[in-house]
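Participant: The structure that follows is given in the form of structure tokens.
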Amino acid sequence: QTRSLLGVFEEDAAAISNYINQLFQAMHRIYDAQNELSAATHLTSKLLKEYEKQRFPLGGDDEVMTSTLQQFAKVIDELSSCHAVLSTQLADAMMFPITQFKERDLKEILTLKEVFQIASNDHDAAITRYSRLSKRRENEKIKAEVTEDVYTSRKKQHQTMMHYFCALNTLQYKKKISLLEPLLGYMQAQISFFKMGSENLTEQLEEFLTNIGTSVQNVRREMDCEVENMQQTIEDLEVASDPLYLPDPDPTKFPAHRNLTRKAGYLNARNKTGLVSSSWERQFYFTQGGNLMSQARGDVAGGLVMDIDNCSVMAVDCEDRRYCFQITSFDGKKSSILQAESKKDYEEWICTINNISKQIYLSENPEEIAARVNQSALEAVTPSPSFQQRHESMRPAVQSRPPAARTSSTGSLGSDSAALSALSLDSLVAPDTPIQFDIISPVSEDLPGQAKSSGQSGRRTNPFGESGGSKPETEDSILHQLFIVRFLGSMEVKSDESPDVVYETMRQILAARAIHNVFRMTESHLLVTCDCLKLIDPQTQVTRLRFPLPNVVLYATHQENKRLFGFVLRTSGGRAESRQTSICYIFESNNEGEKICDSVGLAKQIAFHAELDRKASEKQKEIDRVKEKQQKELNKQKQIEKDLEEQSRLIAASSRSNQSSAEGQFVVLSSSQSEDSDLGDDRKKKRESE
């Protein structure tokens with residue numbers, strides 16, 4: 001009965017422990033939530049106090065809002081203090097009793113249960129040993145020890161059992177206390193909190209909250225009214241702006257304003273990226289006094305494009321784009337080609353720049369003066385063929401400037417080194433690009449043009465053009481300059497429009513030679529002609545490599561070590577690839593890097609002028625062929641006229657018998673012949689005029 005009753009008490013203690021753990025977790029959540037609420041309320045009050053220190057771009061100095069928020073911050077700060085007091089009271093009155101019961105009383109029951117179980121097991125073991133004593137041989141010493149063991153274990157079990165039973169009986173009372181004390185503390189803490197809140201929320205605060213609520217309703221009504229007005233404005237603008245959505249509106253409905261002295265809008269600017277290639281960039285342009293400014297998206301201010309005082313502006317035909325015009329500075333050193341979006345903008349930009357170039361904007365009434373020069377602005381809209389032809393004829397000369405005008409002895413075909421100065425090194429030379437330290441180009445086997453030159457590499461070449469039997473291919477070249485160079489290496493590059501490519505290739509090749517301990521260099525003679533660059537073996541006079549001069553698009557010397565120089569060779573891909581590749585070759589000379597670059601630049605100039613002469617000669621030959629063809633047609637026409645006259649005489653001689661009819665026929669025939677001869681004379685005069 002005792003052990004059965006003990007089992008019931010132990011089951012009840014386990015149920016109490018489980019329930020108290022759940023209740024403890026729930027109350028702990030209340031306590032944590034109260035602490036979080038107190039911290040969040042304090043943070044809110046702090047942020048409201050810092051509102052006056054904020055600098056909102058559109059806020060301005062709203063003193064009413066600042067004072068209102070300060071009042072709210074004061075009230076919320078008082079509430080935060082109340083929440084902090086509530087948190088302290090919950091910790092003392094609610095969490096402490098239930099924690100004590102959970103950590104002290106329930107753990108005591110578990111400990112006594114374990115001790116009672118151990119004492120019971122020891123008693124059972126002592127009884128078992130006592131029962132095994134023999135009745136035949138009695139050893140008084142063993143019997144005394146066993147008897148003492150039974151006595152001790154039985155006494156220990158009895159004492160432990162009494163304490164354990166007492167704790168189980170007491171647990172029934174502690175259970176009630178542990179449930180009621182935390183709840184009593186929670187309710188007292190809440191009552192105290194609400195009393196403090198009632199004292200803080202006075203009638204004056206209630207009046208303040210009522211006024212704020214009224215203000216919020218007024219602001220909401222104003223917002224609804226403003227939204228309604230904006231919606232109506234949007235609808236009106238959509239109806240009125242529908243024709244303007246077209247990129248090129250009808251000029252009859254939206255005529256161009258030709259009296260403007262200020263203009264702003266988006267334009268496409270042409271940027272040259274090579275000899276014949278270019279790119280277009282869309283930016284916002286605007287005039288500011290006598291300056292044309294541009295501003296990229298994201299920039300905080302515009303930058304100067306050109307001084308348009310006394311400039312010239314002309315409509316031009318540019319590639320396959322419409323509405324293009326060119327602005328040229330007063331000294332002719334700077335020009336810019338821009339594209340407008342529509343014909344209206346196109347005409348307005350030209351007229352506006354024309355007005356500004358005449359400094360009309362400085363007058364008191366610029367629109368009236370602009371109206372006087374409106375006729376000249378209209379004439380500027382029409383493209384001028386003579387200007388375009390002059391511009392096209394000057395374009396190659398600008399692109400093939402002499403190398404003396406460059407810095408650090410660099411040169412390229414139609415490229416501007418400053419335009420790529422901001423590129424990263426990875427955009428110039430790809431990482432992990434193989435480096436060729438031999439004299440053979442790493443892609444020479446894949447290049448059709450290079451394969452032809454390699455087939456000629458077995459032929460000896462006299463660099464000075466002196467040959468016995470055969471005529472060298474460079475004999476007609478007017479430039480022959482020979483330099484002693486040593487080949488350092490070559491590698492493929494990603495760009496060929498900036499001397500930074502050559503500098504970075506020099507750095508990588510010199511670093512690779514140092515890392516891999518490559519010190520051997522092949523010495524060669526570099527022959528510069530108007531057709532190509534040749535690497536010639538100084539011993540056998542065999543051409544090792546031949547670089548066509550038109551493919552050499554960039555050349556430069558090292559900025560500090562003038563013995564180093566290099567050039568970029570642009571070639572087409574192999575049979576499997578159609579893309580163009582650029583390979584940079586690096587050499588070392590005997591302090592002649594700048595001379596070599598100047599020589600290459602001179603060769604390019606000579607080749608360019610030779611090409612112009614060749615084209616002029618071909619054009620002259622074509623004109624001569626046309627004249628010869630016209631002369632043959634004239635001779636043929638004269639021969640036809642002679643044949644007609646001879647035929648008329650024969651007809652007159654054979655028709656004497658029928659004089660009247662023959663004369664009539666002769667008159668008809670002669671009239672047709674005269675008409676043909678008149679037509680022939682007219683055609684001849686027309687051809688001669690052409």
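The values are calculated or read from the model by the stated rules, or taken from the named source; none is laboratory data. Note that the structure is predicted; figures quoted are calculated from it, not measured. In this analysis, Cβ positions are derived from the backbone assuming ideal geometry, glycine residues included, and neighbour counts consider all displayed protein chains. Heads up: the accessible areas ignore ligands, DNA and RNA and are worked out on the full protein's heavy atoms, side chains in. Shrake-Rupley method; radii C 1.70, N 1.55, O 1.52, S 1.80 Å.
Participant: Hey, can you tell me all the residues within the range 182-231 that are among the β-branched types (V, I, T) and under 51 Å from the mean Cα position of the chain (by Cα)?
Facilitator: Pass one, the range 182-231, residues among the β-branched types (V, I, T): 191, 202, 210, 212, 214, 216, 219, 227.
Residues satisfying the conditions are I212, T214, V216, V219, V227.
Participant: Is it the case that F325 is within 12 Å of A269 (Cβ to Cβ), surrounded by fewer than 20 Cβ atoms within 10 Å (Cβ to Cβ) and either in contact (Cβ under 8 Å) with a residue 12 or more places away in the chain or among the aliphatic types (A, V, I, L, M) (or both)?
Facilitator: Details: within 12 Å of A269 (Cβ to Cβ): yes; surrounded by fewer than 20 Cβ atoms within 10 Å (Cβ to Cβ): no; either in contact (Cβ under 8 Å) with a residue 12 or more places away in the chain or among the aliphatic types (A, V, I, L, M) (or both): yes.
No: the conditions fail for F325.
Participant: Need the failing condition index for G289 against (1) at positive phi; (2) modelled with pLDDT of 90 or more, just the number.
Facilitator: (2)
A quick yes/no check of all residues on (1) at negative phi; (2) acidic (D, E); (3) within 23 Å of the chain's Cα centre (by Cα):
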| site | (1), (2), (3) |
| --- | --- |
| F254 | yes, no, no |
| H257 | yes, no, no |
| K263 | yes, no, no |
| F284 | yes, no, yes |
| S294 | yes, no, yes |
| G298 | no, no, yes |
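Participant: Taking the range 565-580, which residues are at pLDDT below 85 and either polar (S, T, N, Q) or open to solvent by less than 50 Å² (accessible area, probe 1.4 Å) (or both)?
Facilitator: We begin by selecting, within the range 565-580, every residue at pLDDT below 85; these are 571-580.
Scanning the range 565-580 gives T571, S572, G573, G574, S578, Q580.
Participant: Considering I606, I623, which residue is at pLDDT 85 or above and closer than 30 Å to G566 by Cα?
Facilitator: Details: I623 fails: closer than 30 Å to G566 by Cα.
Going through I606, I623 in turn, just one is at pLDDT 85 or above and closer than 30 Å to G566 by Cα: I606.
Participant: Checking A33 against (1) part of a helix (DSSP H, G or I); (2) of a type outside the set (V, I, T); (3) open to solvent by 70 Å² or more (accessible area, probe 1.4 Å), only one condition comes out false. Which one?
Facilitator: (3)
Participant: OK, next. Please go through the range 113-129 and pick out each residue that is more than 11 Å from V150 (Cα to Cα) and of a type in the set (K, R).
Facilitator: Start the filter on the range 113-129 by keeping residues that are more than 11 Å from V150 (Cα to Cα), which leaves 113-121.
Answer for the range 113-129, where residues must be more than 11 Å from V150 (Cα to Cα) and of a type in the set (K, R): just K113.
Participant: I've got another one for you. Taking the range 228-281 as the search range and keeping residues that are assigned to a strand (DSSP E or B) and in contact (Cβ under 8 Å) with a residue 60 or more places away in the chain, which one is farthest from D496 (Cα to Cα)?
Facilitator: G265
Participant: I need every pair where a residue in the range 289-308 that is under 15 Å from S335 (Cβ atoms) and of a type in the set (A, V, I, L, M, F, W, C) has its Cβ under 9 Å from the Cβ of a residue that is open to solvent by 30 Å² or more (accessible area, probe 1.4 Å) and in a loop (DSSP other than H, G, I, E, B), sequence separation at least 6 or different chains.
Facilitator: M306/K334; I308/F330
Participant: Any residue in the range 122-136 that is closer than 16 Å to K155 by Cα sitting within a Cβ distance under 6 Å of a residue that is modelled with pLDDT of 90 or more and of a type in the set (S, T, Y)? List the pairs, counting only those 6 or more apart or interchain.
Facilitator: Taking only residues 6 or more apart or on different chains, the pairs are D122/S153; H123/S153; A126/S153.
Participant: Can you find, within the range 36-67, the residue that is nearest to the chain's Cα centre (by Cα) among those that are surrounded by 12 or more Cβ atoms within 10 Å (Cβ to Cβ) and of a type in the set (D, E, K, R)?
Facilitator: Result: E52.
Participant: Continuing with this model, one more query. Which is touching a helix residue (DSSP H, G or I) at 6+ places or on another chain (Cβ under 8 Å) and in a strand (DSSP E or B), of D309, D317?
Facilitator: Values: D309 fails: in a strand (DSSP E or B).
On inspection, the qualifying residue turns out to be D317.
Participant: If you don't mind, there's one more thing I want to ask. If only one of Q157, Q117, Q89 is assigned to a helix (DSSP H, G or I) and open to solvent by 60 Å² or more (accessible area, probe 1.4 Å), which one is it? Steps first, answer last, please.
Facilitator: Details: Q157 fails: open to solvent by 60 Å² or more (accessible area, probe 1.4 Å); Q89 fails: open to solvent by 60 Å² or more (accessible area, probe 1.4 Å).
Unique residue meeting the criteria: Q117.
Participant: Name the pairs whose Cβ atoms lie under 7 Å apart, with the first residue in the range 62-78 and assigned by the TED database to the domain that holds T44, the second aromatic (F, W, Y), and 6 or more positions between them or separate chains?
Facilitator: T66/Y51; L69/Y51; Q71/F208
Participant: Confirm whether K107 is open to solvent by 70 Å² or more (accessible area, probe 1.4 Å), assigned to a helix (DSSP H, G or I) and modelled with pLDDT under 90. Don't jump to the end; show me each part of the working.
Facilitator: Working: open to solvent by 70 Å² or more (accessible area, probe 1.4 Å): yes; assigned to a helix (DSSP H, G or I): yes; modelled with pLDDT under 90: no.
No.
Participant: Check the range 520-542 and report whether any residue there is open to solvent by 40 Å² or more (accessible area, probe 1.4 Å), in contact (Cβ under 8 Å) with a residue 60 or more places away in the chain, within 17 Å of D438 (Cα to Cα) and outside any loop (DSSP other than H, G, I, E, B).
Facilitator: There is no residue in the range 520-542 that is open to solvent by 40 Å² or more (accessible area, probe 1.4 Å), in contact (Cβ under 8 Å) with a residue 60 or more places away in the chain, within 17 Å of D438 (Cα to Cα) and outside any loop (DSSP other than H, G, I, E, B).
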